[in-house]
Amino acid sequence: MKKIIIGNWKLNLDHLQGIQLLQKINYSLKKNIEDEVEIVLAPSHTSLRSLQTVISTDSLKINLSSQDVSSYKEGPYTGEVSANQLKKLNIKYSIIGHSERRQHFHENDEIINQKLNRLIENEIIPIFCYGEDLKVRNEGTYLNHLENQLINGLKGLKKDKLIQIVFAYEPIWAIGTGEVASVSDIVEVFEMTKKFISQKNFLPENEIKFVYGGSVTAENSKTILNTSIIDGALVGGASLNSDSFIDIINSVDL
Ligand code: PEP
């Protein structure tokens, strides 16, 4: 399966800085890399339109993701951005369930499930984040915790729609901390995810798109990205620097 590397810029960069970084990344990409690796950038909402214009005008082989989406379709919800509005900008992906949104904006599994449905209705691919904090990990209940995030977050989803989801395992203790999960930690969560999905009779295992996020850097990406069951990485901090992001992309064995 083609690897996917997603750069989550979080609350950084205005649209002009975003265009600059996009162009730097594009300039440094190896020729035909898009045959092996899909590159996705997730800037702030205010940058999506400008970046999409550059991408389509210059036919760049880079896709965009939003960092969030409203759980509502439309109406009196000041400050929200709908899936339909993102669709109109040709945004391919949207991150949902990121731990920073769960933590700082009190998003629960029910809201995340509503967001998932809005995205599916608009044919935007959800990058569905799930992960446990250090307390849950140390208590040893993390697999149950993660399974509950899947059960509740994916509730009601039709079998044929599951194929469209990118599962992003992001242990909270690894996000922005410099501490990276081991390959065996990641494989354990992949196995649980695969089992959960097959119990639902959803998909053959090789159809699951499963990525890891949490302190991925150019130094550790080679091991992670070249593990066969790991289909890619969700990269926060290291995606803000074109050199380190390119080094991560280039660490995929072609
Ligand atoms: C993230 O925010 O999704 C993330 C993985 O961040 P970082 O790479 O900085 O740990």
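Search segment 129-174 for residues being out of contact with any His (no Cβ under 6 Å at 6 or more places or on another chain), in contact (Cβ under 8 Å) with a residue 60 or more places away in the chain and of a type outside the set (Gly, Ala, Ser), and hand back the single one that is nearest to Val40 (Cα to Cα).
The extreme case among them is Val166.
Please count how many residues of segment 4-28 are away from the ligand (no atom under 15 Å from the Cβ) and touching a strand residue (DSSP E or B) at 6+ places or on another chain (Cβ under 7 Å).
1
What residue, among those in segment 203-245 that are over 18 Å from Leu13 (Cα atoms) and of a type in the set (Phe, Trp, Tyr), is surrounded by the fewest Cβ atoms within 10 Å (Cβ to Cβ)?
Phe210
Could you please let me know if Gln67 is more than 14 Å from Pro126 (Cβ to Cβ) and without any contact (Cβ under 8 Å) to a residue 60 or more places away in the chain?
no
Name every residue in segment 1-59 that is of a type in the set (S, T, N, Q), open to solvent by 70 Å² or more (accessible area, probe 1.4 Å) and either closer than 21 Å to Arg101 by Cβ or assigned to a strand (DSSP E or B) (or both), in order of residue number.
Across segment 1-59, the qualifying residue is only Thr46.
Mind checking which residues of segment 155-180 are hydrophobic (A, V, I, L, M, F, W, C) and modelled with pLDDT under 95?
Matches in segment 155-180: Leu157, Leu162, Ile163, Ile165.
Here's a check for you: in segment 81-111, which residue that is within 16 Å of the ligand (Cβ to nearest atom) and touching a Ser or Thr at 6+ places or on another chain (Cβ under 8 Å) is farthest from Leu146 (Cα to Cα)?
Ranking the candidates gives Tyr93 first.
Of everything in segment 64-80, what is away from the ligand (no atom under 14 Å from the Cβ) and within 22 Å of Tyr130 (Cα to Cα)? Give them in sequence order.
The answer is Leu64, Val69, Ser70, Ser71, Tyr72.
Please find, among Arg118, Arg137, the residue that is at pLDDT 95 or above, farther than 16 Å from Lys209 by Cα and within 16 Å of the ligand (Cβ to nearest atom).
Result: Arg137 is the single residue among Arg118, Arg137 that is at pLDDT 95 or above, farther than 16 Å from Lys209 by Cα and within 16 Å of the ligand (Cβ to nearest atom).
Applying the selection to segment 228-247, what residues are more than 10 Å from the ligand (Cβ to nearest atom) and at pLDDT 95 or above?
Ile230, Asp231, Gly232, Asn241, Ser242, Asp243, Ser244, Phe245, Ile246, Asp247
Go over the candidates Lys200, Lys209 one by one and state the one that is in contact with an Asp or Glu (Cβ under 9 Å, 6 or more places away or on another chain) and at pLDDT below 95.
That would be Lys209, the only listed residue that is in contact with an Asp or Glu (Cβ under 9 Å, 6 or more places away or on another chain) and at pLDDT below 95.
Go through Gly214, Gly178, Gly232 for me and flag whichever is under 21 Å from His98 (Cα atoms) and in contact with a Lys or Arg (Cβ under 6 Å, 6 or more places away or on another chain).
Gly232
The values are calculated or read from the model by the stated rules, or taken from the named source; none is laboratory data. This one's a predicted model, so the numbers in the text were calculated from it and none came from an experiment. Every residue, glycine among them, receives a Cβ derived from its backbone with ideal geometry; neighbour counts consider all protein chains shown. Accessible surface areas use protein heavy atoms only, side chains included; no ligands, DNA or RNA. Shrake-Rupley method; radii C 1.70, N 1.55, O 1.52, S 1.80 Å.
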